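Coordinate-derived values only; no laboratory data. Remember, predicted model here, so these are calculated numbers, not experimental data. For neighbour counting, all protein chains shown are included, and Cβ atoms are generated from backbone atoms with ideal geometry for every residue, glycine included.
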Amino acid sequence: MSCSFQNESLLHAQGFHPVAGIDEAGRGPLAGPVLAAAVILPPEFSHPVLRDSKQLTARQRDRLYEELTARTDIRWAIAAAEPEEIDRINILRATHEAMRRAYLALSPAPAHALIDGLPVPDFPCPHTALVRGDQKSFSIAAASILAKVARDRLMQEMDGVHPGYEFSRHKGYGTALHLERLRVHGPSPIHRRSFLPVQQAVFPFADGTQA
């Protein structure tokens, strides 16, 4: 199924106005926040290029980010859950919190949300969960691009704040380069201490001792 406005149009026909698409970026990395974006597109929206952010180049994502955020007929919001919160409540719950915050930042509040993935417990409005929704819904695809680009830009900034980890290259994901930098420098203030590779960088031996 190609990316389209079909899911949004079906909800509009049922009386749900407006409809927001919601997606996240950054569940998997070892460092940095998880970001969620919520996007409301205008009725009958169409776009020749818009699709799942993972199917686009970085340059395409940047161009679409600038286009989507500049349009006055598109409403959007981005929210975060920081590493400390991720460690405290776990990455899944932190992701759900970021999604709720992005939704609540929209005004007027959407009547329904299309959310990438599985249902979100206690979400503040009726929602439809779409597995691989960023490949099916223009609204979710737009949210995936906004969240991805915003997070990538943030991690590029963190490269200057926490030099030595090369965050601009791996964006916090567990690449070989990142793991090597983590072994050399230990965790930074933005590393997720509850994630196993980060724990192993602090306590590299099974008995919890350090070298």
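Remark: the stretch 77-83, residue by residue, has Karplus-estimated 3J(HN,Hα) of 8, 10, 9, 10, 10, 7, x Hz, where x stands for each Gly or Pro and the curve is 6.51 cos²θ - 1.76 cosθ + 1.60 at θ = phi - 60°.
Mind listing which GluC sites (Glu not before Pro) in the stretch 20-83 are in a DSSP loop and have 13 or fewer other Cβ atoms within 10 Å? Passing sites in the stretch 20-83 are Glu44. Would you pull out the residues with amide H under 5 Å of Gly174's amide H, same chain only if 5 or more places away, H placed 1.01 Å from N? Correct list: Leu30. Here's how it looks for Thr128: its modeled amide H is under 5 Å from those of Ala113, Leu114, Ile115, which are all 5 or more places away or on a different chain. Here the Karplus relation 6.51 cos²θ - 1.76 cosθ + 1.60, evaluated at θ = phi - 60°, turns the backbone of the stretch 183-195 into coupling constants of 5, 6, 9, x, x, 8, x, 9, 6, 8, 5, 7, 7 Hz, with x for every Gly and Pro. Between Lys54 and Gln14, the contour length at 0.36 nm per residue exceeds the alpha carbon distance by 11.3 nm.
Phi angles of the stretch 165-172 translate, via the Karplus equation with coefficients 6.51, -1.76, 1.60 and θ = phi - 60°, into HN-Hα couplings of 9, 6, 4, 5, 8, 10, 6, x Hz per residue; Gly and Pro are given as x.
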